[in-house]
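What follows is one structure encoded as structure tokens, with my remarks underneath.
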Amino acid sequence: MIGCYVTGILPRPKELIETTRAYERKKAGEKLLEKALREATAKVIKAQVSAGLSYVMDGMLKWQDLLRPFNENLEGLKVGSLARWFDNNTFYRKPVVLEAIRRTKNIATEITYTELLPKNIPWKAVLPAPYTFAKLSENKFYKSEGELMFAYAEILREEIESLAEKGFKYIQLSDPALVWNPFKKPISKDMFAYIQGALKTALKGVKARTCLQTFFGDFSQILPEALEFPVNDLGIDLYETSLEKLKGYDFDKGVALGIVDARSSLVEDESELVHVTREIIEAIFPSKISDVFICPNCDLEFLPWERAEEKLRVISSVAKRLEKEWSIYG
Amino acid sequence: MDKLFPTQEIGSLAKPAWRVKAYRGEPLSEKEIAEAVKWGRRLGIENIEELVKILTKRERTAEEKKMLLRWSARYAIRFFEAAGLDIVFDGEQWRSEMYEHVIRNVDGFKFLGYVKSFDYRYFNKAACVSKPKYIKPFYVEEFIFTKENTKRIVKVPFTGPYTLVDWTFNEYYEKKAGSQIRDFKQRKTSARREFLFDLIKEVVRPEIGKLIEAGAKWIQIDEPAATTSPSAEEMQLFVEAFNETVKGFNCTFSLHNCYSNYEVLAKYASQLQNCSQLALEFANRDNRQTGLADEARTGYKELKFFEDHGFRGNYGLGVIDVHTDFIEPPELVRDRILHAIKVIGDPSRIYVSTDCGLRTRTWEVSFAKLKNMVLGAELARKALDKNR
């Protein structure tokens with residue numbers, strides 16, 4: 001199967017940006033902001049539906065950053081100062097861990113506009129992966145990063161369960177910290193074991209399809225270890241990954257191939273993407289092809305909405321062309 | 001400079017409401033006009049009535065709008081002089097903003113709209129859609145006006161090419177590289193490099209040349225994006241870009257970088273050629289109590305990284321936090337300076353500075369902060385004299 005979907009926070013459309021700016025300047029109130037958020041969410045859902053994506057998200061327009069809903073709603077955490085979001089000109093607020101972290105309510109289902117999601121297309125949700133959550137937090141309580149990772153993984157499991165109960169069929173864990181590695185420090189064997197363990201904890205008994213989505217870094221550096229992660233699919237940023245190295249591994253899992261660049265406004269050439277994707281699929285699945293999802297390399301929030309919408313159409317079109325090829329020849 | 005601890009601001013100063021509104025063509029309230037008069041008197045500006053005439057008009061001609069830029073620049077220059085700074089500029093009163101001002105005055109770019117910076121803050125991001133082309137000077141007129149209106153040393157803030165490239169979508173070069181390079185990552189890297197060096201050659205160096213022709217003696221390259229990608233490859237690219245920018249010009253250059261990764265920058269700072277000064281922020285991370293000990297001056301520990309990695313130029317030592325209304329007492333400024341001397345040894349390498357431009361503070365707060373900065377520098381000079 002060759003499907004397609006988006007992989008995180010979508011850009012806020014112009015009208016919503018205007019309202020949020022007015023809200024910042026105290027020229028619009030909560031009600032107006034909420035209305036604008038709902039309308040914009042409906043708009044970005046509609047765009048995904050008309051592009052023909054296989055799974056649909058609410059677009060996470062309310063999320064100030066990937067960690068914020070957890071940062072604000074888990075007990076034991078404090079919203080800290082601004083920090084750079086990897087190598088982007090974008091910032092997030094650091095979660096500061098002051099005591100044992102506890103979950104006292106549903107977080108992701110509460111912030112998601114599930115009532116606006118379509119009934120006839122399966123839903124996808126995105127949550128921060130344990131490693132990224134631990135790496136980006138300022139830990140003032142737990143003895144180690146690993147311990148924080150496990151505490152968060154327990155919480156994550158409850159979050160995923162509540163999402164699955166609500167009807168979400170696909171859960172993506174975003175893990176940019178796992179591959180963003182500007183100083184080229186290898187991840188130790190012990191750390192891989194920790195990550196594996198934390199993912200196991202987070203995903204135990206989960207009744208949804210799962211993906212560990214990596215971005216902003218070279219996926220080939222976590223191979224072959226990543227092939228053992230207890231997820232259905234592995235997400236790869238093809239704009240940061242050495243394609244030659246990637247092609248050197250055999251995959252027995254599904255992959256989410258980030259073939260459109262959410263950090264570039266240039267709209268990609270579809271034929272080239274079809275060609276490149278075909279080559280990757282043939283290389284990493286030498287005998288039996290697993291499921292493939294065509295997607296942006298990271299959250300599309302780095303683009304103005306109109307450009308992101310164009311890229312939605314590109315991923316869908318590439319997925320359809322490849323699906324057609326495989327159904328003929330495969 | 002002969003004097004120890006020359007004082008400077010980094011670049012921007014808030015634009016007064018009368019400047020912003022009148023320039024946009026909006027009517028002004030009496031209070032806003034009174035504010036212009038009040039500061040004009042306080043700063044000893046002559047012929048304020050001419051400004052008031054423009055401000056009270058319902059509509060303003062293009063020439064009058066130009067006059068407004070001159071008026072607010074005149075105010076800002078006098079503002080810095082009255083606060084007692086040794087090195088001045090016009091508070092960037094002629095510029096809309098450090099990024100947009102340049103991009104809007106160069107050919108080859110198109111603004112695509114707002115993208116998220118954080119929370120409900122956004123920035124207007126442009127794409128490079130054809131080879132950048134220099135069409136007209138964008139800092140020269142502002143510089144000449146400043147030079148003609150002050151006897152103090154003038155330092156021209158100049159948005160650096162690395163930052164301009166980092167904050168811009170790179171459509172033209174990515175498309176161009178598309179036909180030649182198959183690997184997406186390599187393609188992007190190569191396109192980024194070509195964009196950067198074209199921008200330096202086609203736009204940045206011609207403007208620097210024109211500034212020097214017009215008499216500029218000191219240009220400060222502002223590169224807030226310098227350590228956005230802290231990898232060795234990117235940092236080398238940044239160094240190469242700086243060196244290429246300043247190469248062969250007979251002028252003093254300095255670098256300003258803020259809210260960045262100084263551990264990374266420190267490793268590469270000594271490779272910056274013809275960089276007389278690094279203007280860095282420290283005050284925002286520092287304690288507020290006086291004292292010279294390391295425990296008191298925690299905000300300045302990164303200064304040592306630059307020394308350890310062999311940077312031997314001057315420092316624009318940030319002693320004023322630009323993001324709070326807290327008015328640093330002169331004694332605190334003094335101790336920050338004296339602490340820095342303990343770290344770097346030679347007091348003549350210290351220029352006393354704000355962390356960054358003051359544009360987010362009111363004039364009232366900015367003035368009080370700058371006055372205390374100047375007083376603090378004086379206290380440091382005295383303390384040093386006493387110990388000799």
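Each residue of the range A:290-297 was assigned a 3J(HN,Hα) from its phi angle through the Karplus expression (A = 6.51, B = -1.76, C = 1.60, θ = phi - 60°), giving 8, 5, 10, 10, 8, 8, x, 5 Hz with x at Gly and Pro.
Taking the square roots of five times each eigenvalue of the Cα gyration tensor of the protein assembly as shown, the equivalent ellipsoid has semi-axes of 47, 28, 26 Å, listed largest first.
Panel order for B:254, A:220, A:162, A:188, by other beta carbons found within 10 Å of each beta carbon, from fewest to most: A:188, A:162, A:220, B:254. By the Cα gyration tensor, chain B has an equivalent ellipsoid whose semi-axes, rounded to whole angstrom, run 32, 30, 18 from largest to smallest. Taken as Cα centroids, the range A:128-192 and the range B:193-267 sit 38 Å apart, rounded to the nearest whole angstrom. Would you mind ranking B:29, A:137, B:276 by Cβ crowding within 10 Å, fewest neighbours first? Placing the least packed residue first, the sequence is B:29, B:276, A:137. Using the Cβ-Cβ distance between residue A:75 and residue B:202 with R0 set to 56 Å, the FRET efficiency from 1/(1 + (r/R0)^6) comes to roughly 0.50.
So what is the relative contact order for chain A, in percent, with contacts set as C-alpha pairs under 8 Å and at least six apart?
Working: 620 pairs, mean separation 67.0, N = 330.
Computed value for chain A: 20 percent relative contact order.
At a temperature of 37 °C and a viscosity of 0.692 mPa s, determine how fast the range B:260-342 diffuses translationally according to Stokes-Einstein, using the Kirkwood radius over alpha-carbon pairs as Rh; express D in µm²/s, rounded to the nearest whole number. Please list the in-between numbers first.
Numbers: Rh = 13.2 Å.
The calculation lands on 248 µm²/s.
Separation of the range B:1-64 from the range B:322-388 is 26 Å, based on Cα centroids. Extending 7 Å from Cα along the Cβ direction at residue B:381 and again at residue B:186 yields two label points whose distance is 5.9 nm. Extension gain, residue B:308-residue B:97: 0.36 nm per intervening residue step, less the Cα-Cα distance, totals 72.5 nm.
Going by neighbour counts of Cβ atoms within 10 Å, the residues B:60, B:312 line up, fewest first, as B:312, B:60. If we count every other residue with Cβ under 9 angstrom of residue B:191's Cβ, Lys/Arg +1 and Asp/Glu -1, where does the sum land? That sum, taken over residues with Cβ under 9 Å, equals +4. The residues neighbouring residue A:245, those whose beta-carbon lies less than 15 Å from its own, together hold a net charge of -4 under the Lys/Arg +1, Asp/Glu -1 convention. The shape of the range B:223-269 comes out prolate: with a ≥ b ≥ c from the C-alpha gyration tensor, a/c is at least 1.5 and a/b beats b/c.
Between residue B:58 and residue B:37, the C-beta separation translates, for a Förster distance of 30 Å, into a calculated FRET efficiency of about 0.95. What the Cα atoms of the range B:30-152 give is an Rg and a Dmax of 17.5, 48 Å.
Hey, what does the equivalent ellipsoid look like for the range A:87-203, semi-axes from the Cα gyration tensor as sqrt of 5 times each eigenvalue, largest first, whole Å? Before the final figure, lay out the partial values.
Values: eigenvalues 138, 56, 45 Å².
Whole-Å semi-axes of the equivalent ellipsoid: 26, 17, 15.
Given the -39500 (n - 2.57) contribution per DSSP H run of 4+ residues, what per-residue ellipticity at 222 nm results for the protein assembly as shown, rounded to the nearest 500 deg cm²/dmol? Walk me through the intermediate numbers first.
On the way: 25 runs with 305 residues, N = 718.
That comes out to -13000 deg cm²/dmol.
Give me Rg over Rh for the range B:90-213, both radii from the alpha carbons and Rh done the Kirkwood way, two decimal places.
Ratio of gyration radius to Kirkwood radius: 1.03.
Given the pairs A:94/A:247; A:311/B:188; B:155/B:304; A:169/B:188, which are separated by over 24 angstrom at their Cα positions? Over 24 Å apart, Cα to Cα: A:94/A:247; B:155/B:304; A:169/B:188. Can you classify the range A:222-330 as rounded, prolate or oblate using the Cα gyration tensor, where a ≥ b ≥ c are the square roots of its eigenvalues, rounded means a/c under 1.5, and otherwise it's prolate if a/b beats b/c and oblate if not? Since a/c reaches 1.5 but b/c is at least a/b, the shape of the range A:222-330 is classed as oblate. Counted residue by residue at 0.36 nm each, then reduced by the alpha carbon distance between them, the extension gain from residue A:249 to residue A:39 reaches 71.2 nm. Computed over the range B:259-304, relative contact order equals 32 percent, with contacts defined as Cα pairs under 8 Å that lie 6+ residues apart.
Here chain A has an Rg and Dmax of 19.1, 60 Å, counting Cα atoms alone. Size descriptors for the range B:162-243: radius of gyration and Dmax over Cα atoms are 14.3, 47 Å.
Every number in this text was worked out from the coordinates using simple rules, so none of it is lab data. All values derive from a computational prediction rather than experimental measurement. Don't worry about glycine lacking a Cβ; one is built from the backbone with ideal geometry, like all the others, and counts go over all protein chains shown.
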